[in-house]
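First up is the structure itself, then whatever we jot down about it.
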Amino acid sequence: MIRGGHYHVYQGIVMNMPLLSYANNNPTWNGRKMALLILCSLISAGLFLLDFVSGPVIHVHFFYLLLVMFVAWLIGPKSAYTFAVVLPLTRIASHYLWATPWSLTETSVNILIQIIVLSVAAYLILRIKTLVGEIKTLKGNLSVCSYCTKIYNEHREWEELESYISRQAEVRFSHGICPECRDKQFGPMLDRRNILTSSS
């Protein structure tokens, strides 16, 4: 059974970082989200410092893209879009700290382009995360009773087929009757009813 396998791998790697070790002991995902948010905020501060030290000519915007994608995947949409807007805006502060050869208008246009690109990247990652979350596949051999079609599940119990598949694949069953079974089960009764109505 796989459901967003990569998500859990990345989550496991991040949760084992020393800074976030306390989050492993916190049973709520909100605590983990907060720890991830703190980590990403520290990384963004480091990126701003790197951007400032590297000067106006060297661009480190690719790292902004990676960070926004990381935030979108592990934290959520609000934080992802916030980072997508705030990270490029730090470039305005850098504009005043450096003696740049271009105007504030040109810097603002570049920042707007970066915000759009980062926001689109965040949206795409969030969409992929949603689609991955909806994928759930059944793998392996299933033991099925030859008579009642119950499944021998991972808890070593016999479970109804509908219940097992609904639980594993997030599928809901609605019951109907096919024409063959209708004729087999209700055919004689319908024939008798037709005879009674035609004779009366």
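The values are calculated or read from the model by the stated rules, or taken from the named source; none is laboratory data. From a predicted model like this one, the values you see are computed outputs, not experimental measurements. So basically every Cβ, Gly included, is an ideal-geometry build from the backbone, and we count neighbours across all protein chains shown. SASA here: full protein model, heavy atoms, side chains in, ligands and nucleic acids out. Shrake-Rupley method; radii C 1.70, N 1.55, O 1.52, S 1.80 Å.
Looking across segment 60-81, not a single residue is aromatic (Phe, Trp, Tyr), more than 16 Å from Val120 (Cβ to Cβ) and open to solvent by less than 10 Å² (accessible area, probe 1.4 Å).
Quick check on segment 143-152. Is at least one of its residues in contact with a strand residue (DSSP E or B) (Cβ under 7 Å, 6 or more places away or on another chain), open to solvent by less than 100 Å² (accessible area, probe 1.4 Å) and among the aromatic types (Phe, Trp, Tyr)?
Restricting attention to segment 143-152, the residues satisfying the condition of being in contact with a strand residue (DSSP E or B) (Cβ under 7 Å, 6 or more places away or on another chain) are 143-145, 150-152.
When the remaining residues are screened for being open to solvent by less than 100 Å² (accessible area, probe 1.4 Å), the result is 143-145, 150-152.
Add one more test, that the residue is among the aromatic types (Phe, Trp, Tyr), and what stays is 152.
Scanning segment 143-152, I find at least one residue that is in contact with a strand residue (DSSP E or B) (Cβ under 7 Å, 6 or more places away or on another chain), open to solvent by less than 100 Å² (accessible area, probe 1.4 Å) and among the aromatic types (Phe, Trp, Tyr), so the answer is yes.
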